[in-house]
1. On C-alpha positions alone, give me the angle between the axis of helix 33-63 and the longest principal axis of the chain, in degrees, nearest 10.
2. Give, in nm to one decimal, the length gained when the segment between residue 66 and residue 122 is fully stretched (0.36 nm per residue of separation minus the Cα-Cα distance).
3. Pick from 26, 154, 14 the residue whose mean-square fluctuation is largest in a GNM of the chain, springs joining Cα atoms under 10 Å.
4. Expressed as an acute angle from 0 to 90° and rounded to the nearest 10, what is the orientation of the C-alpha long axis of helix 2-20 relative to the principal long axis of the chain?
5. Quick one: compute the contact order of the chain, relative version, from alpha carbon pairs under 8 angstrom and 6+ residues apart, as a percent.
6. Quick one: the Cα spread of the chain along its three principal axes, in angstroms, biggest first?
7. Comparing 73, 37, 21, which has the greatest mean-square fluctuation in the GNM of the chain with Cα pairs linked when under 10 Å apart?
8. Angle between the Cα long axis of helix 79-108 and the longest principal axis of the chain, 0 to 90 degrees, nearest 10?
């Protein structure tokens, strides 16, 4: 019974520390608030599951503690319990993954104002190839790569330019 009480105290202390904690997320960026919201939702779900599991174990420790004259029964399979646990687990996974999928879709969406560039990085040497006025990269050829033309930009193509 002492262990069950300690487990309840751990849950209460954990929740209290989380609620009254001075440490919290600092905003990632002004346009990424949805990532912070998804993290808070994930912590809330996992925290609720943590509290539920630990409190359930504490309840079982108290309810099924040793008592004189009581005999344990062995039930290797319980279809109803397995169905409930599977459904609850699936619901929890769905609740945590769904917001993350929407956040990921926003994160990987290419803005309308994006442009293609080519960047090659080596130690102490970065080369950038920017598009021309039409928004397209100029022609390049591996045979033109040299010390002063690290991207192989064709000098005869007016589109695009290389910045070293």
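1. 20
2. Working: separation 56, 0.36 × 56 = 20.16 nm, distance 6.87 nm.
Extending this stretch completely gives an extra 13.3 nm.
3. Top of the fluctuation ranking is 154.
4. Between helix and principal axis, roughly 40 degrees.
5. Rounded, it is 16 percent for the chain.
6. Reported extents, whole Å, longest axis first: 96, 41, 32.
7. Largest GNM mean-square fluctuation: 73.
8. 20
Read-outs throughout are calculated quantities, based only on the coordinates presented, and are distinct from any laboratory measurement. Keep in mind it's a predicted model, so treat the numbers as computed, not measured.
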